[in-house]
């Protein structure tokens with residue numbers, strides 16, 4: 001079976017930002033995505049962990065898109081990277097049925 005190169009997009013964000021992230025995906029014509037809970041981690045600002053009691057939960061949004069759609073999303077989210085402490089990564093992936101992405 002033949003594969004096609006696409007971009008895998010991963011965004012780590014505070015859960016309240018989800019509607020804004022989904023609107024950005026839609027604006028960039030990225031139709032499919034998966035949202036996963038993020039339980040804990042560490043970064044340059046230190047360790048963090050999910051705390052439903054205080055509302056500090058995080059999520060990981062994962063999507064697959066063409067290079068052009070992924071680039072449009074990066075441009076759209078660039079202003080939020082520092083102000084909302086998003087972690088945005090892109091990686092090259094091979095997908096089967098590339099017409100779906």
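Name the residues in the range 76-99 that are part of a helix (DSSP H, G or I) and under 13 Å from residue 9 (Cβ atoms), would you? If the condition is that a residue be part of a helix (DSSP H, G or I) and under 13 Å from residue 9 (Cβ atoms), then 76, 77 are the ones that fit. Take the conditions (1) out of contact with any helix residue (DSSP H, G or I) (no Cβ under 8 Å at 6 or more places or on another chain); (2) at pLDDT 95 or above; residue 24 misses just one of them, which is (1). Condition (residue is surrounded by 13 or more Cβ atoms within 10 Å (Cβ to Cβ) and modelled with pLDDT under 90) applied to the range 32-41: is it met by at least one residue? Looking for residues that are surrounded by 13 or more Cβ atoms within 10 Å (Cβ to Cβ) and modelled with pLDDT under 90, one finds at least one in the range 32-41, hence yes. Which of the residues spanning the range 6-21 are over 10 Å from the mean Cα position of the chain (by Cα), at pLDDT 95 or above and not in a helix (DSSP H, G or I)? Once the filter is applied, which keeps residues that are over 10 Å from the mean Cα position of the chain (by Cα), at pLDDT 95 or above and not in a helix (DSSP H, G or I), the range 6-21 yields 6, 7.
Scanning the range 57-75 for residues that are assigned to a strand (DSSP E or B), at pLDDT 90 or above and crowded, with 17+ Cβ neighbours inside 10 Å turns up 59, 61, 63, 64, 65.
The values are calculated or read from the model by the stated rules, or taken from the named source; none is laboratory data. Every value quoted in this text rests on a predicted model; they were computed, and no experiment measured them. Cβ: placed from backbone, ideal geometry, glycine included. Neighbour counts: every protein chain shown.
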